[in-house]
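*Asks:* Below: one structure in structure tokens.
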Amino acid sequence: MPLSQFEIVQLKSGVNSLRLIENNETFHPGIGPLAEANILHVAQHRFAERAPSVPIFILWDVGLGAGANAVAAIDAFKTIPADFEIHSFDRSLSALEFALAHLDELDYLAPYKDACEELLVKGFLQLTPRIRWYLHLGDFREVMLRPEIPAPHSIFYDPYSPRGNVDMWNLEHFQNLRQRLDDDRPCLLTNYTRSTYVRVTWLMAGFAVGIGTSIGEKEETSLASNNLELLERPLLPAWLVRVKVSHSSAPLRGPAYELGPILPEDYTIVAAQAQFQGQT
Ligand SMILES: C[S@@+](CC[C@H](N)C(=O)[O-])C[C@H]1O[C@@H](n2cnc3c(N)ncnc32)[C@H](O)[C@@H]1O
């Protein structure tokens, strides 16, 4: 029986990351924690362009884990003349505690050692005069409904993958998340997936969905938004052919991870989404 749920692994790139032993899931498996956080999340949110025009820019960091995404965001925020709040969510602090106990193997976290320790103890931290960092402990599906947490402009969506964590990926959850957003506050969500069934699930939940950056060996990833105009490369009608022919394009529903072809009535809902009208 291992002493910890996690272990340090060296990725192909030579950089270290964490692995959850139980389900063999590596954090930022491609190119490593900070590089992936910057390419997949920070760069795609265009903070420098979007944040200065709102009173306080709200980032939801879903799956704080070992803090790489949050740290990358903070590094970016420090260079931008705007006010920021980061709301980090996790149901467990064990990844961050493990990472803090292995700082010599995880370079990116060392400059934030004191900040993370204060966040763990107090649940809140004024990092700089313009950056506040909040920690929300518990199941994101319930915690996100707390009215005192402001609706986000950006979401780094990084829980474990659908196979072992289907509750964070099913249609019911994404419908709730879509409803929790403020329609007057354009919001962008980034994730590593390029799966047809995840994109279908998001579309059926009412998100506009776009093609995200390539990263490492992955040709593309995905973005979701409550505002089509935020997406630089929305999925086009031609993509619907893939939905029709794929053997795994049905949305995830309920607690079971079951993949299959999409039902005709679900396909009709997906094809009717605004982003597929009037485009070729
Ligand atoms: C892959 S790790 C996140 C890595 C992290 N973003 C980083 O930069 O190090 C996934 C995290 O999501 C959290 N998580 C998974 N399901 C959750 C849920 N339903 N509510 C809150 N946190 C959840 C896990 O506890 C875990 O810490």
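The values are calculated or read from the model by the stated rules, or taken from the named source; none is laboratory data. In this text, all values refer to a predicted model and were calculated from it rather than measured experimentally. FYI the Cβ positions are ideal-geometry reconstructions off the backbone, even for glycines, and counts take in every protein chain you see. Ligands, DNA and RNA are stripped out before the accessible areas are found, and what is left, the full protein with its side chains, is counted by its heavy atoms. Shrake-Rupley method; radii C 1.70, N 1.55, O 1.52, S 1.80 Å.
To keep it simple, each residue is scored yes or no on (1) more than 28 Å from Gly14 (Cβ to Cβ); (2) of a type in the set (Ser, Thr, Tyr).
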site: Gly65; (1), (2): no, no
site: Thr79; (1), (2): no, yes
site: Ala99; (1), (2): no, no
site: Val121; (1), (2): yes, no
site: Arg132; (1), (2): yes, no
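*Asks:* Please state which one of Ala99, Ala66 is in contact with a strand residue (DSSP E or B) (Cβ under 7 Å, 6 or more places away or on another chain) and in a loop (DSSP other than H, G, I, E, B).
*Replies:* Of the residues listed, the single one that is in contact with a strand residue (DSSP E or B) (Cβ under 7 Å, 6 or more places away or on another chain) and in a loop (DSSP other than H, G, I, E, B) is Ala66.
*Asks:* Can you tell me which residues in the range 78-109 are of a type outside the set (Phe, Trp, Tyr) and within 17 Å of Asn38 (Cα to Cα)? Steps first, answer last, please.
*Replies:* Step one: list which residues in the range 78-109 are of a type outside the set (Phe, Trp, Tyr), which gives 78-83, 85-88, 90-97, 99-107, 109.
Passing the criteria: Lys78, Thr79, Ile80, Ile86, Ser88, Leu106, Asp107, Leu109.
*Asks:* Could I ask something else about it? Could you look through the range 251-280, keep only residues that are among the aliphatic types (A, V, I, L, M) and assigned to a loop (DSSP other than H, G, I, E, B), and pick out the one that is farthest from Trp169 (Cα to Cα)?
*Replies:* The qualifying residue farthest from Trp169 (Cα to Cα) is Ala272.
*Asks:* Something else about it: Determine if the range 204-226 includes at least one residue that is assigned to a loop (DSSP other than H, G, I, E, B), surrounded by 15 or more Cβ atoms within 10 Å (Cβ to Cβ) and touching a Pro at 6+ places or on another chain (Cβ under 6 Å).
*Replies:* no
*Asks:* Still on this structure: What number of residues within the range 82-119 are aliphatic (A, V, I, L, M) and within 11 Å of the ligand (Cβ to nearest atom)?
*Replies:* 6
*Asks:* Follow-up question, since we're still on this one. Looking at Thr190 and the list (1) β-branched (Val, Ile, Thr); (2) more than 12 Å from the ligand (Cβ to nearest atom); (3) closer than 26 Å to Ala43 by Cα, which single condition is not satisfied?
*Replies:* Of the numbered conditions (1) β-branched (Val, Ile, Thr); (2) more than 12 Å from the ligand (Cβ to nearest atom); (3) closer than 26 Å to Ala43 by Cα, the odd one out for Thr190 is (2).
*Asks:* Here is a further query. Within the range 41-58, count every residue that is in contact with a helix residue (DSSP H, G or I) (Cβ under 6 Å, 6 or more places away or on another chain) and either within 16 Å of the ligand (Cβ to nearest atom) or in a helix (DSSP H, G or I) (or both).
*Replies:* 3
Okay, residues lined up against (1) open to solvent by less than 30 Å² (accessible area, probe 1.4 Å); (2) at pLDDT below 95; (3) touching a Leu at 6+ places or on another chain (Cβ under 9 Å):
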residue	(1), (2), (3)
His45	yes, no, yes
Ile56	no, no, no
Gly67	yes, no, yes
Ala72	yes, no, yes
Asp75	no, no, yes
Ser88	yes, no, yes
Phe98	yes, no, yes
Leu106	yes, yes, yes
Leu109	yes, no, yes
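*Asks:* With respect to Ser4, determine if the residue is more than 11 Å from the ligand (Cβ to nearest atom) and either within 22 Å of the chain's Cα centre (by Cα) or surrounded by fewer than 19 Cβ atoms within 10 Å (Cβ to Cβ) (or both).
*Replies:* Details: more than 11 Å from the ligand (Cβ to nearest atom): yes; either within 22 Å of the chain's Cα centre (by Cα) or surrounded by fewer than 19 Cβ atoms within 10 Å (Cβ to Cβ) (or both): yes.
It is true that Ser4 is more than 11 Å from the ligand (Cβ to nearest atom) and either within 22 Å of the chain's Cα centre (by Cα) or surrounded by fewer than 19 Cβ atoms within 10 Å (Cβ to Cβ) (or both).
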